[in-house]
Amino acid sequence: RSFSISHYRNEQSTLEVLGTKYKTDEWTNATPRILSLVGRDLHKNPNHPIGILRSLIENRFNGHGYTMYGDLKPNVTVHENFDVLGFPEDHVGRSKSDTYYLNKKNLLRTHTSAHENECFLTCKTPGYFICGDVYRRDEIDRTHYPVFHQMEGARVWKRDDYKNEEELLAKIQADIDAIPKTDLIVEDVGYDPIENPKQDFMTEREADLVSQHLKRTIEVLVDVVFNEAKKAAKLSGSTEEYLNEPLKIRWVEAYFPWTAPSWEIEVWWKGEWLECCGCGDVRKLVLDNSKLDNSIAWAFGIGLDRIAMLLFGIPDIRLFWSTDKRFIQQFKQNQISIFKPYSKYPGTVRDISFWLPKDEEGKFLKLHENDLMEIVRENAGDLVESVKLVDEFSHPKTGKHSQTYRVNYQSMDRNITNDEINSMNDKTRDELVSKYGIQLR
Ligand code: FA5
Ligand code: MG
């Protein structure tokens, strides 16, 4: 992996996020544009696709023993987002190239799992759901945006609530039997005892039953959501073949520091496996940290934006952030409807080519792609559709290393002018020079 060779900001000052002040330091890399998206709360808008999807899921599980949390703030501590979940010190998720830090100890949550500890501690029902906006430094294209939304789910059984192990197992089995059967075609490899083992503190039967309850619950969620997607597509007049086929899913083994065993669910959709959701049996460390030391539990985290894109037929993830009436007014509470494109505005392309600088030892430094993405995003905002590395080579004589990035500019809402794009692109070029010492070609 490449690394960041400069800091976004190194002067001392303060940031304010949702009423909390933070002293900036050498870890601070949350940009003004990103901070301006905090509080938009798309998931709390009942007439927005993200809010509609959230309600669809919550309505399905309301009355089944889950507390619904939707107001937890995205500015959290490093402890909540990583430490308490057992992330190793050197986990890549912790790096400044992947995560938006407010300062060394505080960040914008990278997942709703940042609240598991808190919700396990405060929740009065057997389970809970958490919906929230999450933030990640990432590439720029039609399916990636630095802010997206997740829904966390969890469910606990306290051993102390039962006379003995038999009674506990009977209760989990009864809870599984109470989950309605779906028509999904399910492919499940189980779990590899070496690569993806159950934890010692859980018996074989406990791990099997908790995992079954977890998987059946997520299958119900997926069944509801994707059948709605099919209905909406049919209503809009589509007669594509996949609409008449039964829905197919598969469980693949995964790794998360705070669950074991762990899986991801993938859904077969229009000829592709779509990764939707990570999950697993909660690790003892997290339960112990949450005063649940004699309990067993599962947890999952599902990404909402990509699912909302296919549910509503939305071609570009940037549209969720549009304030254009022609977008917003298409969506109504509790209704899944296919997006009607109102216009397609022409785009324009700029290539940015440069030589990378050398460090003190004469080695060529790499510019982390996410750092470049950030500069483009700060200058162009939602006028940038995608950024791609299109060429890379080393000069045969000098050994100098060159990269070319192609920036596609296009607005969802209006025509753009060459002048405005040139001025944004020039600023990006200048900042690449001043912040990273690259040499433009
Ligand atoms: C997580 O974030 C874990 N917190 C999930 C979890 C929760 C595991 C509880 C175990 C227990 P992951 O990074 O894979 O895992 O993201 C979860 C889902 O979010 C993905 O399956 C995907 O649907 C969605 N997602 C991830 N990155 C992006 C992105 N850049 N843009 C849109 N959706 C994304
Ligand atoms: Mg993943």
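The values are calculated or read from the model by the stated rules, or taken from the named source; none is laboratory data. A quick note: this is a predicted structure, and the numbers were derived from the prediction, not measured. As a convention, Cβ positions derive from the backbone with ideal geometry for all residues, glycine included, and neighbour counts pool all protein chains shown.
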Problem set entry | Residues being part of a loop (DSSP other than H, G, I, E, B) and either buried (at least 19 other Cβ atoms within 10 Å of the Cβ) or in contact with a strand residue (DSSP E or B) (Cβ under 8 Å, 6 or more places away or on another chain) (or both) - total across the range 245-264 | 3
For this session: Among the candidates Ile140, Ile179, Ile172, Ile194, single out the residue that is over 21 Å from Val286 (Cα atoms) and touching a strand residue (DSSP E or B) at 6+ places or on another chain (Cβ under 8 Å).
Result: Ile140
Exercise. Quick one: what pairs do we get from the range 373-400, first residue at negative phi and without any contact (Cβ under 8 Å) to a residue 60 or more places away in the chain, second surrounded by 14 or more Cβ atoms within 10 Å (Cβ to Cβ) and basic (Lys, Arg), C-beta under 6 Å, 6+ apart or different chains?
Worked result: Asn379/Lys427; Val390/Arg406
Problem set entry | Subset of the range 263-313 (residues that are of a type in the set (A, V, I, L, M) and touching a Cys at 6+ places or on another chain (Cβ under 9 Å)) | Ile265, Val267, Ala299, Ile302, Leu304, Ile307
Problem set entry | Among (1) crowded, with 17+ Cβ neighbours inside 10 Å; (2) more than 16 Å from ligand 1 (Cβ to nearest atom), the one test that Gly301 misses | (2)
Problem set entry | Residue tally, condition within 16 Å of ligand 2 (Cβ to nearest atom) and closer than 14 Å to Trp258 by Cβ, over the range 115-152 | 1
Seminar exercise, completed: If you go through Val390, Val384, Val376, the only one that is closer than 15 Å to His144 by Cβ and in contact with a Ser or Thr (Cβ under 7 Å, 6 or more places away or on another chain) is Val376
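Going through Arg326, Arg306, Arg318, Arg250 one at a time, which residue ends up being of a type in the set (Lys, Arg), within 16 Å of ligand 2 (Cβ to nearest atom) and either in contact with a Pro (Cβ under 6 Å, 6 or more places away or on another chain) or farther than 30 Å from Phe201 by Cα (or both)?
Testing whether each residue is of a type in the set (Lys, Arg), within 16 Å of ligand 2 (Cβ to nearest atom) and either in contact with a Pro (Cβ under 6 Å, 6 or more places away or on another chain) or farther than 30 Å from Phe201 by Cα (or both) leaves just Arg306.
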For this session: Please indicate, with yes or no, whether at least one residue in the range 70-92 is away from ligand 2 (no atom under 16 Å from the Cβ), among the charged types (D, E, K, R), surrounded by 16 or more Cβ atoms within 10 Å (Cβ to Cβ) and touching a residue at least 60 places away in the same chain (Cβ under 8 Å).
Result: no
For this session: Determine which single condition Thr67 fails, assuming it passes every other condition in (1) crowded, with 17+ Cβ neighbours inside 10 Å; (2) closer than 17 Å to His115 by Cα; (3) assigned by TED's automatic domain parsing to the domain that holds Arg137.
Result: (1)
Problem set entry | Residue pairs meeting the criteria (Cβ under 7 Å; at least 6 apart or on separate chains; first under 14 Å from Leu383 (Cα atoms), in the range 298-327; second within 16 Å of ligand 2 (Cβ to nearest atom) and assigned to a helix (DSSP H, G or I)) | Ile317/Asp305; Phe320/Asp305
For this session: Scan the range 275-302 for residues that are farther than 17 Å from Thr217 by Cβ and within 16 Å of ligand 2 (Cβ to nearest atom) and jot them down.
Result: Glu275
For this session: Test each condition in (1) within 16 Å of ligand 2 (Cβ to nearest atom); (2) of a type outside the set (A, V, I, L, M, F, W, C); (3) part of a strand (DSSP E or B); (4) surrounded by 17 or more Cβ atoms within 10 Å (Cβ to Cβ) for Asn196 and report the one that comes out false.
Result: (3)
For this session: Read through the list (1) over 23 Å from the mean Cα position of the chain (by Cα); (2) surrounded by fewer than 17 Cβ atoms within 10 Å (Cβ to Cβ), then give the number of the only condition that Phe354 fails.
Result: (2)
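State all residues of the range 36-58 that are polar (S, T, N, Q), surrounded by fewer than 15 Cβ atoms within 10 Å (Cβ to Cβ) and touching a residue at least 12 places away in the same chain (Cβ under 8 Å); if no residue qualifies, say none.
Asn47
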Exercise. Could we say that Ile336 is at pLDDT 95 or above, of a type in the set (Val, Ile, Thr) and surrounded by 13 or more Cβ atoms within 10 Å (Cβ to Cβ) here?
Worked result: no
Problem set entry | Residue that is surrounded by the most Cβ atoms within 10 Å (Cβ to Cβ), among those in the range 265-291 that are within 13 Å of ligand 1 (Cβ to nearest atom) and over 22 Å from Cys119 (Cβ atoms) | Val267
Exercise. Of the residues Glu204, Glu187, which is acidic (Asp, Glu), within 30 Å of Met309 (Cα to Cα) and surrounded by fewer than 18 Cβ atoms within 10 Å (Cβ to Cβ)?
Worked result: Glu187
